[in-house]
Amino acid sequence: MARVTVVIPAYNAEAFLPQTLDSVESQTYDDWDVVVADDASTDQTAEVVESRDSRFRVVRSPVNAGPAAARNNALKETSSDLVAFLDADDLLLPTYLERMVQLHDEAVVQGMNVGVVCCDARLLGPNGFGDRTYMELNGFPREVTVASMLVSNAVFVSALTRRAVVEDVGLFHSELFGTEDYDLWLRILEAGFTVASIREALCIYRLQPGSVSSNMPRMARSLQLTYRRALDRGALTRRERRIAERQLRLQRALEQVGLAAADRSTGKSPWSRVARHVPLFVRVAVENPDRWASAVKTLLGRGSPLSQVGK
């Protein structure tokens, strides 16, 4: 049994999956295996995995249930101590597993109740690599806490966790789509575990038109549900609740901005939609002046929602 299982949810991923699997095979750390959860793909996703050696396994789902359910299906097929999450179109740099396992083990020796180990990622778009990394866009707090995570998701999805920790907090929640990892990190922190992080970019995050993270209204709705879930769990302090409520208002506003931008792209006037939510927009503009500037650019067709909502 491998010490680390790399869990990859995949839906119609045959175009990028071979490179992704190659990036795992090129790791300097060799005590690993891979479980790919094929989420009812209609292409050759499963066959791409089955053409590999025995370290690569595929779990097929009869219905398309989304990435959260796919990850849960993969987790049920592994008994490894550690789990590394990887999306089907992203890449690991060769020292990813070596550095992440080392960081995990060092944190344990230091007495940390470590639940998540994370690193930075380079951003790869259609026109090449971006100027800034994931953490440069989303922030790198000195200490990752519930409060700092509610402000911004500093944990890139390709994180390393203990399998038992993920199971203890209830796995991924399938009603979330695009923010299921963020919800999991919050629940792990709420349960009293810590995050060990390094600013090394050990992954490559592909930004693609039409991806989940590029759909601003859908991401905003999923983030709203994430914050509502955090508030409903009742574990937040008064300060943390204020942050979650502020972020909930921000995502409500960004959803309307995304819908208004879509109206604009189809020739409809976006301003009637904006006018209906003026009080919300005013409050959000006061609370989040830095984020609001980029939202206005999106509304005017001069910005990308990817830079606002992350993955």
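Taken together, the values in this text are just the output of simple stated rules run on the coordinates, not laboratory data. Keep in mind that what you see is a predicted model, and the values were worked out from it rather than measured. Backbone-built Cβ (ideal geometry, glycine too); neighbour counts: all protein chains shown.
Amide H contacts of A201: D120, each under 5 Å away and 5 or more positions distant or on a separate chain (H built 1.01 Å from N in the peptide plane; Pro and chain starts excluded). Residues whose amide H comes within less than 5 Å of that of D43, counting only those at least five positions distant or on another chain, are N12 (H built at 1.01 Å from N in the peptide plane). Shown in residue order for the range 60-70 are the 3J(HN,Hα) couplings computed by the Karplus curve 6.51 cos²θ - 1.76 cosθ + 1.60 at θ = phi - 60°: 9, 9, x, 10, 7, 10, x, x, 5, 5, 5 Hz (x for Gly and Pro). Please state the relative contact order of the range 1-150 as a whole percent: Cα pairs under 8 Å, 6+ residues apart? Relative CO of the range 1-150 lands at 27 percent.
If you stretched the chain out fully between E98 and R242, how much longer would it get, using 0.36 nm times the residue separation minus the C-alpha to C-alpha distance?
This chain segment gains 48.0 nm when fully extended.
Under 5 Å from the amide H of A159 lie the amide H atoms of F85, each residue being 5 or more positions distant or on a separate chain, with H modelled from the backbone and absent for Pro and chain starts. Extending 7 Å from Cα along the Cβ direction at L280 and again at N113 yields two label points whose distance is 3.7 nm. Looking at the range 159-251, the GluC sites (Glu not before Pro) that sit in a DSSP loop and have at most 15 other Cβ atoms within 10 Å of their own Cβ are E175. Placing pseudo-labels 7 Å out from each Cα toward the beta carbon at F129 and R142 gives an inter-label distance of 3.0 nm.
If eta is 1.567 mPa s and T is 4 °C, what Stokes-Einstein diffusion coefficient results for the range 37-87, Kirkwood Rh from Cα pairs, in µm²/s?
Details: Rh = 11.7 Å.
Estimated via Stokes-Einstein, D reaches 111 µm²/s.
Distance in nm between label sites at A15 and Y29, each 7 Å beyond Cα in the beta-carbon direction? According to this spin-label approximation, the distance is 3.1 nm. Here the range 227-249 and the range 1-33 have alpha carbon centers that stand 35 Å from each other.
Once you sort the root eigenvalues of the Cα gyration tensor of the range 65-111 as a ≥ b ≥ c, which label holds: rounded (a/c under 1.5), prolate (a/b larger than b/c) or oblate (the other case)? Oblate is the answer for the range 65-111, as a/c is 1.5 or above yet b/c matches or exceeds a/b. Say R0 is 41 Å: what FRET efficiency, to the nearest 0.05, do E287 and D22 get from their beta-carbon distance? Efficiency, from the Cβ-Cβ distance: 0.40.
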